[in-house]
Amino acid sequence: MSWNGFGRVFRFTTWGESHGPALGAVIDGCPPGLPLSEADIQPWLDARKPGQNKFTTQRQEPDAVRILSGVFEGRTTGTPISLMIENTDQRSKDYSDIARAYRPGHADYAYDAKYGFRDYRGGGRSSARETAARVAAGAVARLVIPEVRILAYVAEIGGDAIDPAKFDADEIARNPFWCPDATAAARWEKLVDEARKAGSSLGAVVECVATGVPAGWGAPVYAKLDADLAAAMMGINAVKGVEIGDGFAATRLSGEENADPMRPGNDGPRFDSNHAGGIAGGISTGQPVVCRVAFKPTSSILTPVDTIDRGGAATEIRTKGRHDPCVGIRGTPVVEAMMALVLADHKLLDRAQCGAD
């Protein structure tokens with residue numbers, strides 16, 4: 001069985017390949033009556049689309065979305081919403097070498113081992129191009145959770161982290177790195193450009209914060225909010241780690257340091273800290289929901305790397321074509337989208353069991 005869908009009540013399935021004629025998503029379970037048009041989706045796709053600056057892949061795709069079903073007279077009908085994004089700038093010839101040998105660190109070998117053949121043009125379904133469909137679906141999910149504000153930003157590139165004391169949310173939109181620290185953004189410009197010119201790549205850490213999530217979303221044991229967030233983020237191409245709240249850093253705290261003390265507040269408890277990332281026992285606490293997502297360096301690089309061909313013989317490969325020198329940069333809008341999709345699903349799950357507010 002192949003899994004191309006995610007969610008329980010608000011469920012989406014993506015389809016299409018990197019170098020096929022189009023890709024898209026089908027969303028099922030969206031409540032009826034929500035205002036929706038292509039204009040509500042397009043700004044989120046524009047934030048993710050390639051070719052916007054020299055620090056991302058130079059593939060030129062307009063990523064113009066079309067709504068094919070599920071909307072009538074500008075409102076959702078409650079039936080499946082089908083979204084399509086055409087591919088217009090494929091250069092499959094760039095991948096002729098990959099047809100004969102595997103890119104180390106990429107999914108080439110694993111796909112071949114599983115299916116016995118693979119779409120080598122850009123990686124097919126394993127390409128980050130698939131994430132455009134997730135961003136489109138995430139735009140619809142945001143309509144379900146208008147009370148929530150989601151903000152993602154790059155916190156680290158190539159081991160160089162931002163200074164939390166210099167955090168400026170307004171700065172995120174002013175630089176090509178989604179960076180809230182202007183000083184770090186200036187350093188990253190040199191860092192990423194050097195990697196790009198060297199035919200190499202860098203990893204990144206993206207942080208995502210959702211504010212306005214009420215207490216009570218999620219479920220114990222098998223449908224934990226943090227477990228679904230972790231699964232959603234790990235499903236993004238090139239992601240190798242997810243932390244909720246302090247994550248691994250919590251292991252270096254004492255019990256009293258990690259406790260997130262509560263005091264009486266005007267509208268529910270007031271927390272002195274948020275080491276838990278807004279989730280306890282798999283259920284939201286009303287605190288901001290916080291996660292950190294680790295993106296590995298892009299596997300498609302110009303630097304020659306030892307590998308094997310399909311017959312098992314030793315060779316080396318250098319990947320031609322247009323690739324992100326740091327895939328975490330364009331991964332930032334994708335992280336936001338997956339946060340929205342999980343929260344929309346859990347809002348509807350909570351409503352199904354506990355009733356509307």
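The values are calculated or read from the model by the stated rules, or taken from the named source; none is laboratory data. Note that this is a predicted model, so its numbers are computed, not measured. In this analysis, Cβ positions are derived from the backbone assuming ideal geometry, glycine residues included, and neighbour counts consider all displayed protein chains. Note: areas computed on protein heavy atoms with side chains; ligands, DNA, RNA excluded. Shrake-Rupley method; radii C 1.70, N 1.55, O 1.52, S 1.80 Å.
What whole number of Å gives the distance from the Cα centroid of segment 139-159 to the Cα centroid of segment 275-345?
15
State, as an integer percentage, the relative contact order of the chain based on alpha-carbon contacts under 8 Å between residues 6 or more apart.
Contact order relative to length: 22 percent.
I'd like the Karplus ³J(HN,Hα) series for segment 100-105: coefficients 6.51, -1.76, 1.60, θ = phi - 60°, whole numbers in Hz, and an x wherever there's a Gly or Pro.
9, 9, 9, 7, x, x
Strictly greater than 19 Å: what percent of every Cα pair in segment 104-188 meets that?
So the portion of pairs separated by more than 19 Å is 61 percent.
What is the count of Lys pairs in the chain whose alpha carbons sit under 12 Å apart, if the two are 8 or more places apart or on different chains?
Taking the chain as the scope, the lysine pair count is 4.
Kindly point out which whole DSSP H helices in the chain project their C-alpha atoms 18 angstrom or further along the helix axis while averaging a Kyte-Doolittle hydropathy of -1.0 or above.
Flagged H segments are 131-144, 182-197, 327-354.
Hey, can you find the accessible area per residue of the chain for me, probe 1.4 Å, expressed in square angstrom?
46
Answer with one residue from Ala139, Val192, Val305: the one whose Cα lies farthest towards the positive end of the charge dipole of the chain, charges on Cβ with Lys, Arg +1 and Asp, Glu -1.
In the chain, that residue is Val305.
Whole-Hz Karplus ³J(HN,Hα) for segment 302-318, in order, using 6.51 cos²θ - 1.76 cosθ + 1.60 and θ = phi - 60°, x for Gly and Pro?
Whole-Hz 3J(HN,Hα) from phi for segment 302-318: 7, 5, x, 10, 5, 7, 10, 8, 5, x, x, 7, 5, 7, 9, 9, 10.
What residues qualify as long-range amide H neighbours of Ile283, i.e. H under 5 Å apart, gap of 5 or more or another chain, H built at 1.01 Å from N?
The list, which skips near neighbours in sequence, is Leu225.
Just the ratio, please: alpha-carbon radius of gyration of segment 298-340 over 2.2 N^0.38 Å, N its number of residues.
1.65
Can you put Glu73, Glu194 in order of accessible area, largest first, using a 1.4 Å probe?
Glu73, Glu194
Asp260's amide H: which non-local residues (gap 5+, or another chain) put their own amide H closer than 5 Å, with H modeled 1.01 Å from N in plane and none for Pro or chain starts?
Sorted by chain and number, the residues that satisfy this are His275.
Provide the per-residue ³J(HN,Hα) series for segment 198-205, in order, calculated from phi with Karplus coefficients 6.51, -1.76, 1.60 and θ = phi - 60°, each as a whole number of Hz, with x at glycine and proline positions.
Once rounded to whole Hz, the list reads 7, x, 10, 8, 10, x, 7, 10.
How do 218-224, 22-28, 139-145, 78-84 rank on mean C-beta neighbours within 10 Å, highest first?
139-145, 22-28, 78-84, 218-224
Evaluate the relative contact order of segment 132-282 (contact order divided by residue number), counting alpha-carbon pairs under 8 angstrom at least 6 apart; express in whole percent.
20 percent.
In Å, what Rg and Dmax follow from the Cα atoms of segment 250-319?
23.3, 69
Equivalent ellipsoid semi-axes for the chain, as square roots of 5 times the alpha carbon gyration tensor eigenvalues: give them largest first, rounded to whole Å.
34, 26, 19
Quick check for me: using +1 on Lys/Arg Cβ and -1 on Asp/Glu Cβ, what's the dipole size of the chain about its Cα centre, in debye to the nearest 20?
The dipole magnitude comes to about 1000 debye.
Net charge within 10 Å of Ala230 by Cβ-Cβ distance, Lys/Arg positive one each and Asp/Glu negative one each, not counting Ala230 itself?
-2
Taking a quarter of the surface of the convex hull around the Cα atoms of segment 170-274, what do you get in nm²?
10.0
Taking all protein chains in place and a 1.4 Å probe, what share, in percent, of the accessible surface of the chain do carbon and sulfur account for?
The C+S portion of the solvent-accessible surface of the chain is 54 percent.
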